[in-house]
1. Largest first, how would 164, 150 line up by accessible area (1.4 Å probe)?
2. Which whole-Hz ³J(HN,Hα) couplings does region 55-64 yield from phi under the Karplus relation 6.51 cos²θ - 1.76 cosθ + 1.60, θ = phi - 60°, glycine and proline marked x?
3. Could you state, as a whole-number percent, how many of the C-alpha pairs of region 125-219 are farther apart than 16 Å?
4. So, for region 168-236, what is the accessible surface per residue at a probe of 1.4 Å, expressed in square angstrom?
5. With viscosity set to 0.692 mPa s at 37 °C, what whole-number translational diffusion coefficient in µm²/s follows for region 63-217 from Stokes-Einstein and a Kirkwood radius over Cα pairs?
6. In square angstrom, rounded to the nearest 10, how much accessible surface does residue 97 have for a 1.4 Å probe?
7. Tell me, what % of the accessible area of region 121-236 is carbon and sulfur with a 1.4 angstrom probe?
8. Please compute the Cα-Cα pair-distance distribution of region 146-196 with 10 Å bins starting at 0, giving whole percents from short to long.
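The values are calculated or read from the model by the stated rules, or taken from the named source; none is laboratory data. Note that the coordinates shown come from a computational prediction; the quantities given were computed from them, not determined experimentally. Cβ sites come from the backbone with ideal geometry, for glycine too, and all protein chains shown count toward neighbours. Just the protein is used for accessible areas: all its heavy atoms, side chains included, with ligands, DNA and RNA removed. Shrake-Rupley method; radii C 1.70, N 1.55, O 1.52, S 1.80 Å.
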Amino acid sequence: MSWRILAASAAFVVCGACSEVGWVRYKPDAGTMVVLDTEPDAAGDATLDAPAIVPLSQTTSESVVANASVACISNGYTTENSWYRVFDLVDFGITEDFHVTEVTFGVEKAAGTQNVQVKIGIYDGAIGTNLDTGNSDFGGPITYVNMGTVNVPANTGYVTSVPVEGELPANSKLIVSVRTPGATGQAPYFYVGASNTGERRPGFIRAPACGIGRPTTTGSIGFPNSHLLISVRGYH
């Protein structure tokens, strides 16, 4: 097994029981409707305003840079790889519940149609050189929230988004993973997109075939300039 850096060739609803009209979110666990926003228009009538969408990103650029990605490979095929970012909501000044609407990630290069899994959860572990995901890609002190999948066609150097809905409590840490289960003869490789222009927090990779059983920063395995392009959009 070996590491290889990619070569150059290579809606809203109205709550009838509420006293105001506004955007509401239904919380099935509590069985309640919560008014998100109400604003009178010029005539004094209440109008429905969509909640402002907030982006969460830890890289200074969202553009895919050639030769910045890293993945574990075997005999020319990428093996099982999971790439991660952990977003501490406090870093973004978010002190309320946060509702994820989608996850965005870069694609440096893919061959064949890749089934890419995106998971979101609440991370209660420490953030250091490694993350604790137990003995799996998304275990340990992670409370699973939701996931989405997308078929990534053979292509190079672009960014794609996956709708993933989920609620995170205030002051929590949101963990996001982008995972491919391992390539086949029909789909030999997938490299998540990365930049090399700077990051505010490190990204992590898990690759059991290369001896990385728990997520480890790309810098600590010899790729300090591989800044993984994984970001989130949502509202609070």
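1. Listed by decreasing accessible area, they come as 150, 164.
2. x, 10, 9, 10, 10, 6, 9, 10, 8, 6
3. Taking all Cα-Cα pairs of region 125-219, the fraction more than 16 Å apart is 66 percent.
4. Per residue, region 168-236 has 35 Å² of solvent-accessible surface.
5. 207
6. About 50 Å², rounded to the nearest 10.
7. 48
8. Once binned at 10 Å, the Cα pair distances of region 146-196 give 15, 45, 29, 9, 1.
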